[in-house]
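The block underneath contains the structure these notes are about, expressed in structure tokens.
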Amino acid sequence: MRPPSTSTFVDSRGANPTVAVLAGALAELERGEAAQCFGSGMGAISAVWSTLLRAGDHVLLLNDVYGPTLQLARHLERLSVEHTVVRSPGEDWEQHLRPSTRLIHLESPGTYRMKVLDLRAIADVARARGITTVIDGTWATPLFQKPLEHGIDVVVHSLTKYVGGHSDVLGGAVIGSAAFVRDLFYAGFQLQGSVMSALEASLVLRGLRTLPVRMAEHQRNAIRVVEYLQTCPEVAAVHHPHADLPADHRLRREQLTGVTGLIGLDLAEATPQAVARFVDALRLFRIGPSWGGYESLVTSPSKPGGKAAMAAQVFSPGMVRLSVGLEGADAQIADLAQALDCLAR
């Protein structure tokens, strides 16, 4: 987008024609009025929070959220911004609202356990209280979920993942009302400098051209992998909307038009040592914290020093996260089978 109140591009730190084309495409995909692109997904989240929050405000975080987002919340404590984390979708989250609650930040599906929240119910309660709702929509992409249509105020994305799609670009985006994006431009974007370059925007636009084809293949592979893992005695639980209990199917039907390749699983031998043996035995799945590209990846919150290590205590010690890529379900399942066989020896 062009800077508000001006009709020309002056400085790429503010606006750039290629980035503007990408922002327009993302706003249209999400059915939003406007969008702002950033140099990273975390840059987008930080900009939203700094635009909305003041000293004395309270943030409610719902579901398992991205580890650095929790770090941001803890960092802001020193600026007198408080927060509460509600990880269980079944918990009465409304009891944690305060008169000072300014922002509800959520993920759905959530990180690692991929639980789905009722977006409309959350949006209705928040709107009645004058609270802004922000969702990290990276898991589902704009193709498989459109939170704005369910009443959520703002959507953020890491464009590094599925939207970029080739593991060679960093980027983030915020989509919402024109009024909010205008405020965000001046406060959260111009003053913090998380700028997306024209080259990065062109790479994300390249990714958008193949996004429907890639996501269809990610979905096909993921469904087969989920169904395979559910048959394995070495796996205690599979975390993915396709594996949800019948009670969760309504939300999947109403909110998700597809599923992606990010899968969580709990090994039956729930120890960091078992996780290490399983991960080390994988050959096709390479160790990596990101996801959304061609290659299949594996990571775990149990690994020493990992980004999610600070939150590992809320997960099973046998938790593993798979990013199912595009190599094909047969090859992916074969690799998982031989790695799980190493646990049974």
Taking 0.36 nm per residue of separation between Ala337 and Asp183 and subtracting their Cα-Cα distance, the length gained on full extension comes to 50.4 nm
For the chain, the longest principal axis of the Cα atoms and the Cα long axis of helix 198-229 enclose an angle in degrees, to the nearest 10, of 30
Mean projected area, convex hull of alpha-carbon positions in the range 1-82, reported to one decimal in nm², is 6.9
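Sorting Lys115, Lys146 by accessible area (1.4 Å probe), largest first, what list results?
Details: Lys115 70, Lys146 40 Å².
So, going from the largest accessible area down, we get Lys115, Lys146.
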Contour minus Cα-Cα span, Gln230 to Glu149, at 0.36 nm per residue, comes to 25.9 nm
By the Cα gyration tensor axes a ≥ b ≥ c (a/c under 1.5 gives rounded; else a/b larger than b/c gives prolate, otherwise oblate), the shape of the range 59-197 is rounded
Largest-first ranking of Glu30, Glu269 by accessible area, probe 1.4 Å, whole protein assembly kept, is Glu269, Glu30
With every protein chain in place, the accessible area of Met42 for a 1.4 Å probe, in Å² rounded to the nearest 10, comes to 50
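On the protein heavy atoms, probe 1.4 angstrom, tell me the percent of accessible surface of the range 103-206 carried by carbon and sulfur. Show your work: numbers first, answer last.
Numbers: 1770 of 3220 Å².
Summing carbon and sulfur atoms, their accessible area is 55 percent of the total for the range 103-206.
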Note, the range 79-88: 3J(HN,Hα) by Karplus (6.51, -1.76, 1.60, θ = phi - 60°), whole Hz, Gly/Pro = x, goes 9, 6, 9, 9, 8, 10, 10, 10, 8, 7
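Could you work out how much longer the chain between Glu33 and Arg129 gets when fully extended? Use 0.36 nm per residue separation minus the Cα distance between them, nm to one decimal. The partial results should precede the final answer.
On the way: separation 96, 0.36 × 96 = 34.56 nm, distance 2.29 nm.
My answer for the length gained is 32.3 nm.
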In whole Å, largest first, the alpha carbons of the range 76-116 cover along the principal axes 31, 21, 12
Semi-axes a, b, c in Å (a largest) for the range 229-304, each sqrt of 5 times a Cα gyration tensor eigenvalue, come to 25, 17, 10
log10 I(q)/I(0) for the range 174-279, Debye formula on C-alpha points only (no solvent), q = 0.12, 0.21 Å⁻¹, two decimals, reads -0.72, -1.07
At q = 0.06, 0.08, 0.10 Å⁻¹, the log10 of I(q)/I(0) for the chain from a Debye sum over equal Cα scatterers comes to -0.21, -0.37, -0.58
Summing -39500 (n - 2.57) over every DSSP H run of at least 4 residues in the chain and dividing by its residue count gives a helix-only mean residue ellipticity at 222 nm, to the nearest 500 deg cm²/dmol, of -11000 deg cm²/dmol
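If you roll a 1.4 Å probe over the heavy atoms of the protein chains, what accessible area per residue do you get for the range 174-239, in Å²? Before the final figure, lay out the partial values.
Details: 2960 Å² over 66 residues.
Dividing the accessible area of the range 174-239 by its residue count gives 45 Å².
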Given a 1.4 Å probe, the accessible area of the range 43-104 per residue, as a whole number of Å², is 43
Cα-based Rg/(2.2 N^0.38 Å) for the range 119-168, rounded to two decimals, is 1.30
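The values are calculated or read from the model by the stated rules, or taken from the named source; none is laboratory data. The structure presented is a predicted model; accordingly, all values stated were derived computationally and were not measured. All accessible areas refer to the heavy atoms of the entire protein, side chains included, with ligands and DNA or RNA removed. Shrake-Rupley method; radii C 1.70, N 1.55, O 1.52, S 1.80 Å.
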